[in-house]
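This report refers to the structure that appears directly beneath it.
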Amino acid sequence: MMDWTDIAIRLSTATVIGMALGLNRDLHGKPTGMRTLGLVGLGSSLAVTAVLDPTIAPSDALNAVSRVVQGILTGIGFLGAGVIVRGSGEARVRGLTTAACTWLTASLGIVCAVAAWTVIAIALPLLFFVLLAGGPIEKAIRARFGKPEASDMFGRGPPP
């Protein structure tokens with residue numbers, strides 16, 4: 001049975017993780033920031049925590065959590081889609097990493113709600129490795145292997 005402290009830890013952890021991801025996006029001048037991703041983490045954790053009622057039979061609780069998780073991950077896709085843009089005349093699609101961060105923040109909120117602390121402990125270093133080292137690694141590979149000009153998601157090059 002969850003007590004006040006357990007609920008507070010689950011919700012707070014999801015919020016802080018979301019805010020940390022948001023800080024990364026904000027520092028890179030991206031459209032989501034600390035408040036947005038903090039709310040995504042809190043909201044997804046809140047939705048799952050709310051259906052973890054100890055008075056429900058275990059199989060019914062699992063079904064309820066499963067439905068909530070499906071709804072969160074489907075709904076968050078719409079929020080993520082709002083940050084993906086391709087300007088007219090541009091070959092590049094922008095906002096994919098930010099949309100992925102939004103989706104991942106919701107997933108981490110879900111994991112906090114079910115108190116899978118080992119999963120979080122493994123996922124967070126990987127997450128920040130990708131966000132902090134991914135850009136420099138991409139640039140180094142592009143410089144080394146001479147990747148051509150940016151192409152769009154269909155492999156077409158820049159407009160003539």
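For a quick check of your reading of the model, give me the residue pairs whose first member lies in the stretch 19-32 and is in contact (Cβ under 8 Å) with a residue 24 or more places away in the chain, whose second is of a type in the set (Lys, Arg) and surrounded by 21 or more Cβ atoms within 10 Å (Cβ to Cβ), with beta-carbon atoms closer than 7 Å and at least 6 apart or on different chains. Pairs that qualify, where the first residue is in contact (Cβ under 8 Å) with a residue 24 or more places away in the chain and the partner is of a type in the set (Lys, Arg) and surrounded by 21 or more Cβ atoms within 10 Å (Cβ to Cβ), are Thr32/Arg25.
Could you check how many residues of the stretch 2-38 are surrounded by 16 or more Cβ atoms within 10 Å (Cβ to Cβ) and in contact with a helix residue (DSSP H, G or I) (Cβ under 7 Å, 6 or more places away or on another chain)?
Result for the stretch 2-38: 22.
Just to be sure before I move on: is Ala81 under 17 Å from the mean Cα position of the chain (by Cα), within 23 Å of Leu39 (Cα to Cα), at pLDDT below 85 and of a type in the set (Gly, Ala, Ser) in the structure I sent? Yes, satisfied. Whether any residue in the stretch 68-75 is surrounded by 16 or more Cβ atoms within 10 Å (Cβ to Cβ) and more than 13 Å from the chain's Cα centre (by Cα) is what I want to check. Among the residues of the stretch 68-75, at least one is surrounded by 16 or more Cβ atoms within 10 Å (Cβ to Cβ) and more than 13 Å from the chain's Cα centre (by Cα), which makes the answer yes.
Within the stretch 29-70, how many residues are within 15 Å of Ala113 (Cα to Cα), at pLDDT 75 or above and in a loop (DSSP other than H, G, I, E, B)? Number satisfying all stated conditions: 1.
Look at the stretch 113-132: where a residue is in a helix (DSSP H, G or I) and a partner is at pLDDT 90 or above and of a type in the set (D, E, K, R), sitting 6+ places away or on another chain with Cβ atoms under 8 Å, you get Ala113/Arg10.
The values are calculated or read from the model by the stated rules, or taken from the named source; none is laboratory data. Computed from a predicted model, the values in this text were never measured in an experiment. Note that we place each Cβ from the backbone using ideal geometry, even for glycine, and neighbour counts take in every protein chain shown.
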